[in-house]
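The values are calculated or read from the model by the stated rules, or taken from the named source; none is laboratory data. Please read all numbers here as calculations on a predicted model, not as lab measurements. Cβ coordinates were reconstructed from backbone atoms using ideal geometry, including for glycine residues, and neighbour counts include every protein chain displayed. In case anyone asks, the SASA skips ligands and DNA or RNA and just uses the protein heavy atoms, side chains included. Shrake-Rupley method; radii C 1.70, N 1.55, O 1.52, S 1.80 Å.
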Amino acid sequence: MVDSPDPASLSGLIQRARHGDPLALHDLLDAVTPMVRGWCGPIALEDAPDAVQETLIVVLKHLADVREPAAFAGWLRTVAVREAVRIANRAARAIPSELPDLPAPGDPSLAADVDDVLRRLSPEHRAILMLRDRDGFTEDEASATLGIPIGTVRSRLFRARRAFGSAWLGRPARREAQASREAQASREAQAGRDPQASPDSPGGHR
Amino acid sequence: MTWPIADFDEIRRLRVLHAAMPGTLIAETRLRMPFAQVWEALDDIGTAFPELLPDVRRIDADTRTGERFTAHILGRSGLRGRFEIVMRPGWCVMQSRLLTFAMAAVPDGEHTRFGYLTGIRIRGSHRFGGLLRPLHGVLGRRTIRRFERRFGAA
């Protein structure tokens, strides 16, 4: 869960920053950047720095449109999540996976680093997993943040969890394949360094 | 479960500030010297600023406690101004009643990526900011060259 700054202090900052006060903009960036990094990271992955930058630009350029400072944090989150999905899709690095099974909640394997597994999901699936399973949002809140109907939230979450579980369970096989590739590369490199081991070298055949 | 956190460096932060302040000038370069040396020099504002910034003849900072302080700048044109300053490693923002100035630096291997921003704080300046853009290019390159002469261009 990403902690929000105190709404009262945010309100004062927004008032000063919307008039282009550079130090107020600096303070506002200090206040909101950690939240935006937390929202964009899991969705945009390698492209998250671009997503954070674009989100902050959109937000600071539209401060004048913030009528109700109490709603600022929600609006910020909506912009961040949508920008992260947009930029991740633009980069087209997603490796969507649609496979069966899901690890049970509390499964100790979930405590491990999930970067590799998240990379195998679409940005939309990463977004719904983050909002529902990390941040504990209701279906209504996730629907409003992503701008999709509640029925789509439910079906997308179902597919996202299934894809996450399958990608997670597929990790041992991928690790084995990776180890095999590395061993092969190592053997080839060794053969290249050791003429005795090369069948094409003068001393390779006896 | 460890969820990824996005990286976000000070150069990107400077670009955001530039986008939020229409009419400001921004310029970036890559300096040959490492970040620690570059920032150690810039942190000595009494020496570095008159050497590197246009129209700064002398700067007298009030006592620095923490990252916020004020300073009085005497310009080469004779103008004086009181600036509020935030300065921490890799990041500096200064504002007076009329001017804004900021710079950012991040390590880039053995070198340093550096960014510089400046602008006039006049109501409505965003409206004529576009007219000044060709001038910004010249001023930006000229200022950046000062930093490249001091710290080397990578």
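Summary of computed values
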item: Rg(Cα) / (2.2 N^0.38 Å) computed for region B:16-151, rounded to two decimals; result: 1.02
item: B versus A: buried accessible surface, summed, Å² (probe 1.4 Å, to nearest 100); result: 2700
item: Amide H contacts of B:Val56 (H built 1.01 Å from N, under 5 Å, at least 5 apart or other chain); result: B:Arg76
item: A:Phe137 long-range amide H proximity, modeled H, under 5 Å; result: A:Arg132
item: Minimum 10 Å² accessible area buried by the other protein chains, region B:15-50 residues, probe 1.4 Å, relative to alone; result: B:Arg15, B:Val16, B:Leu17, B:Ala19, B:Ala20, B:Met21
item: Residue mean of other protein chain beta carbons inside 10 Å, A:26-34; result: 3
